[in-house]
1. Of all the residues that make up region 60-92, how many are open to solvent by 20 Å² or more (accessible area, probe 1.4 Å) and among the β-branched types (V, I, T)?
2. Would region 210-218 turn up any residue that is more than 24 Å from R259 (Cα to Cα) and at pLDDT below 85?
3. Within region 191-199, is even one residue part of a strand (DSSP E or B), polar (S, T, N, Q) and in contact with a helix residue (DSSP H, G or I) (Cβ under 8 Å, 6 or more places away or on another chain)?
4. Could you grab me the full set of residues in region 175-205 that are surrounded by 14 or more Cβ atoms within 10 Å (Cβ to Cβ) and closer than 19 Å to G247 by Cβ?
5. Which numbered condition in (1) touching a Gly at 6+ places or on another chain (Cβ under 8 Å); (2) of a type in the set (A, V, I, L, M, F, W, C); (3) at pLDDT 90 or above is the only one that W76 fails?
6. Taking strands (runs of 3 or more DSSP E) that fall entirely within region 39-104, which contain at least 1 residues that are among the β-branched types (V, I, T) and within 17 Å of Q119 (Cα to Cα)?
7. Name the residues in region 216-236 that are surrounded by 11 or more Cβ atoms within 10 Å (Cβ to Cβ) and outside any strand (DSSP E or B), would you?
8. Just give me the residues in region 93-114 being on the phi > 0 side of the Ramachandran plot and open to solvent by less than 80 Å² (accessible area, probe 1.4 Å), in sequence order.
Amino acid sequence: MDILLKKLASFVLAIALVPTATFSAAAASAPVQSAVKVEYNKKEIVFPDQKPLIRDSRTLVPIRPIAETLGFKVDWNEKTRTVTIDKGNDNIRLVVTQKIAKKNGQTINLDVPAQIVNQRTVVPVRFIAEALSYKVDWDQATQTVLIADQAVVEEEKPQEPAKPAEDNSKPEQASFFDKDSISGKSFRLGTMGIYEILGTVDPKAEVTVTLEGKTYEVEVKADGTFEFYRTTYDGIKNFTLKAEVDGKEDTFEGEFAARN
């Protein structure tokens, strides 16, 4: 009788644990509904139902509200599960569950495939930059995806002073950087990348850094140390530093080391 009671008790305990285990597994696999916001040219985009979410450490956004805000026409083919996005001469096609998209016939690789969530097609944030050709940035403090027209970005970029027409001479090369002190690190945040450059230079130098063809000013402290941070799309590998003092110039080519 004791043996029978022990077996019965074990069976009841096992049945009681099943719902808990099932719930825990479902919770672990469910997407995280985030507080992420999306802005276009500093104006927030409203999502009427499905909000941006995080799945497998990737930020996914509903494509229709964003594309229509950017002036694209969006169509959905239920039979082929294909999203078509058109604007002017640009035609973008992507198929749900596939990790590629086509822009004017050219293939674009996606970090994660387009997916259906609550009857809405969601795509990785990087798709906005690579397929729709808009500037995409990330504001960590406000958890906001920042989308901007390329024209607006160029407008806000500090303009280099015009050089006199008669000045065709190249700056004299010098040594202003402490090369051993310079380090570049990259961090990954979802589909975005955070880039850090640290080092030491002549305190009188004016320093700039170039990433992917874009140039940014770098603040130099009184002791000659500098720190540069930039959040943009993930995947940048190299950077170029330039220091100028009294018409003389020093440059440094570096690579970012991934940091977990």
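The values are calculated or read from the model by the stated rules, or taken from the named source; none is laboratory data. These numbers were taken from a predicted model, which means no experiment stands behind them. In this analysis, Cβ positions are derived from the backbone assuming ideal geometry, glycine residues included, and neighbour counts consider all displayed protein chains. Side chains included, ligands, DNA and RNA excluded: accessible areas come from the protein's heavy atoms. Shrake-Rupley method; radii C 1.70, N 1.55, O 1.52, S 1.80 Å.
1. Of the residues in region 60-92, 3 are open to solvent by 20 Å² or more (accessible area, probe 1.4 Å) and among the β-branched types (V, I, T).
2. No, that holds for no residue.
3. From region 191-199, those part of a strand (DSSP E or B) are 192-199; that's our starting set.
If we keep only those that are polar (S, T, N, Q) as well, we get none.
Checked region 191-199: no residue is part of a strand (DSSP E or B), polar (S, T, N, Q) and in contact with a helix residue (DSSP H, G or I) (Cβ under 8 Å, 6 or more places away or on another chain).
4. Residues satisfying the conditions are F176, F177, V201, D202, P203, A205.
5. (1)
6. Numbers: elements: 53-55, 58-62, 73-77, 82-87, 90-95, 100-103.
Once the strands (runs of 3 or more DSSP E) in region 39-104 are filtered for at least 1 residues that are among the β-branched types (V, I, T) and within 17 Å of Q119 (Cα to Cα), what remains is 53-55, 58-62, 73-77, 82-87, 90-95.
7. If the condition is that a residue be surrounded by 11 or more Cβ atoms within 10 Å (Cβ to Cβ) and outside any strand (DSSP E or B), then K221, G224, D234, G235, I236 are the ones that fit.
8. Applying the first criterion (on the phi > 0 side of the Ramachandran plot) to region 93-114 yields 97, 104-105.
Once the filter is applied, which keeps residues that are on the phi > 0 side of the Ramachandran plot and open to solvent by less than 80 Å² (accessible area, probe 1.4 Å), region 93-114 yields only G105.
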